[in-house]
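Participant: I'd like to ask some things about the structure below.
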Amino acid sequence: MTTDHRLTAEKLTVGYGERVVIESLDLLVPPGRITAIVGANACGKSTLLRAMSRLLAPRTGHVLLDGREVHRMPAKELARTLGLLPQSPIAPEGITVADLVGRGRHPHQRILSRWSSDDDRAVAAALDATHTVDLADRSVDELSGGQRQRVWIAMALAQQTELLLLDEPTTFLDVSHQVEVLDLLTDLNTDRGTTIVMVLHDLNMAARYADHLIALAGGGLHAAGAPAEVLTEDCVRAVFGLDSQVIPDPISGKPLMLPIGRHHVRSAVR
């Protein structure tokens with residue numbers, strides 16, 4: 001299965017109060033690929049994701065899904081195509097894992113419709129994929145940060161959308177669980193053709209797992225393209241104000257960024 005849904009931004013300007021965070025941004029999310037949004041803190045990564053998922057209305061410009069403005073689409077119709085895992089989501093007090101994951105099926109429910117076997121299968125598959133089956137009967141309040149993050153991802157998977165936006169999906173996870181989650185998202189992209197857009201802080205994880213990188217800086221788009229085109233020493237310096245050395249990743253062949261601090265001597269690792 002592949003998806004050809006086109007998610008774009010045209011002359012998009014968004015902000016909070018009188019503060020403009022992103023101004024006049026043009027963007028195309030490659031359909032059926034994995035895109036990672038990177039940039040320094042407060043550069044607008046989460047703001048962009050919120051605008052693309054219609055949680056934040058643009059001041060000017062448009063976010064378009066297959067040529068239709070997302071902010072004018074019926075919420076339930078949009079939710080059947082585009083799912084969002086926000087940063088630091090909040091679960092209702094006392095809700096169990098199974099019930100929370102089941103809420104991912106809401107966009108597929110109609111008035112007076114009953115819970116179906118399709119819903120059961122979607123929830124079971126999401127719990128299995130995120131290794132949270134053994135947590136199904138537990139309260140979300142009791143879980144560790146890492147467990148809770150995997151449960152939220154399970155809820156997003158249960159929604160079974162063809163576009164999935166995730167704001168820092170590896171937050172609270174140790175490195176082994178970070179790899180597990182990113183492998184899971186890669187499987188979802190490979191097996192179902194799901195378009196994945198995620199905000200990541202780890203540049204090297206972003207380069208390793210993404211087909212397409214978007215680097216934000218100065219309220220706009222600094223660079224976009226394949227990891228080898230975007231993750232360069234010049235780009236790291238411009239976006240993060242950091243000297244670095246970029247070498248081929250010996251595992252993936254993608255670019256690997258080595259930061260250079262004040263107490264490090266640049267060596268000839270070429």
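The values are calculated or read from the model by the stated rules, or taken from the named source; none is laboratory data. This is a predicted model, so every value here is computed, not measured. Cβ placement follows ideal geometry from the backbone for every residue including glycine, while neighbour counts extend to all protein chains displayed. Surface areas here come from the heavy atoms of the whole protein model, side chains and all, with no ligands, DNA or RNA. Shrake-Rupley method; radii C 1.70, N 1.55, O 1.52, S 1.80 Å.
Participant: Within region 89-128, restricting attention to residues that are modelled with pLDDT under 85 and either outside any helix (DSSP H, G or I) or closer than 24 Å to His177 by Cα (or both), which residue is nearest to the chain's Cα centre (by Cα)?
Facilitator: The extreme case among them is Gln109.
Participant: Can I ask one more? Please work out which one of (1) among the aliphatic types (A, V, I, L, M); (2) surrounded by fewer than 20 Cβ atoms within 10 Å (Cβ to Cβ); (3) at pLDDT below 90 is the condition Val181 fails and give its number.
Facilitator: (2)
Participant: If you go through region 70-86 one residue at a time, do you hit one that is part of a strand (DSSP E or B), farther than 26 Å from His201 by Cβ and among the aliphatic types (A, V, I, L, M)? Steps first, answer last, please.
Facilitator: Pass one, region 70-86, residues part of a strand (DSSP E or B): 82-85.
With the extra rule that they be farther than 26 Å from His201 by Cβ, the set shrinks to none.
Checked against the condition, which is being part of a strand (DSSP E or B), farther than 26 Å from His201 by Cβ and among the aliphatic types (A, V, I, L, M), region 70-86 yields no hits at all.
Participant: Among the candidates Ala9, Ala51, which residue alone is farther than 28 Å from Asp128 by Cα, touching an Asp or Glu at 6+ places or on another chain (Cβ under 7 Å) and buried (at least 21 other Cβ atoms within 10 Å of the Cβ)?
Facilitator: Numbers: Ala51 fails: touching an Asp or Glu at 6+ places or on another chain (Cβ under 7 Å).
Testing whether each residue is farther than 28 Å from Asp128 by Cα, touching an Asp or Glu at 6+ places or on another chain (Cβ under 7 Å) and buried (at least 21 other Cβ atoms within 10 Å of the Cβ) leaves just Ala9.
For every residue, the table says whether it meets (1) basic (Lys, Arg); (2) touching a residue at least 24 places away in the same chain (Cβ under 8 Å); (3) more than 27 Å from Gly146 (Cα to Cα).
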position	(1), (2), (3)
Ile37	no, yes, no
Thr47	no, yes, no
Leu55	no, yes, no
Pro74	no, no, yes
Ala79	no, yes, no
Gln87	no, yes, no
Pro92	no, no, no
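To keep it simple, each residue is scored yes or no on (1) within 19 Å of Gln87 (Cβ to Cβ); (2) more than 13 Å from the chain's Cα centre (by Cα); (3) of a type outside the set (Val, Ile, Thr).
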position	(1), (2), (3)
Gly145	yes, yes, yes
Leu163	yes, no, yes
Leu166	yes, no, yes
Tyr209	yes, no, yes
Ser252	no, yes, yes
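Participant: For region 6-59, which fully contained strands (runs of 3 or more DSSP E) count at least 2 residues that are among the polar types (S, T, N, Q)? Write out each step before concluding.
Facilitator: Details: elements: 7-16, 19-29, 34-39.
Those strands (runs of 3 or more DSSP E) span 7-16.
Participant: Would you pick out the residues in region 210-256 that are hydroxyl-bearing (Ser, Thr, Tyr) and open to solvent by 30 Å² or more (accessible area, probe 1.4 Å)?
Facilitator: Looking only at region 210-256, we keep the residues that are hydroxyl-bearing (Ser, Thr, Tyr), and these are 232, 244, 252.
Hits for region 210-256 are Thr232, Ser252.
Participant: If I ask for residues that are in contact with a Lys or Arg (Cβ under 9 Å, 6 or more places away or on another chain) and either free of Cβ contacts under 8 Å to residues at least 40 places away in the same chain or β-branched (Val, Ile, Thr) (or both), which ones from region 246-264 would you list?
Facilitator: Scanning region 246-264 gives Ile247, Pro248, Ile251, Ile260.
Participant: Any residue at all in region 199-210 that's more than 12 Å from Ile34 (Cα to Cα) and either part of a strand (DSSP E or B) or of a type in the set (Asp, Glu) (or both)?
Facilitator: yes
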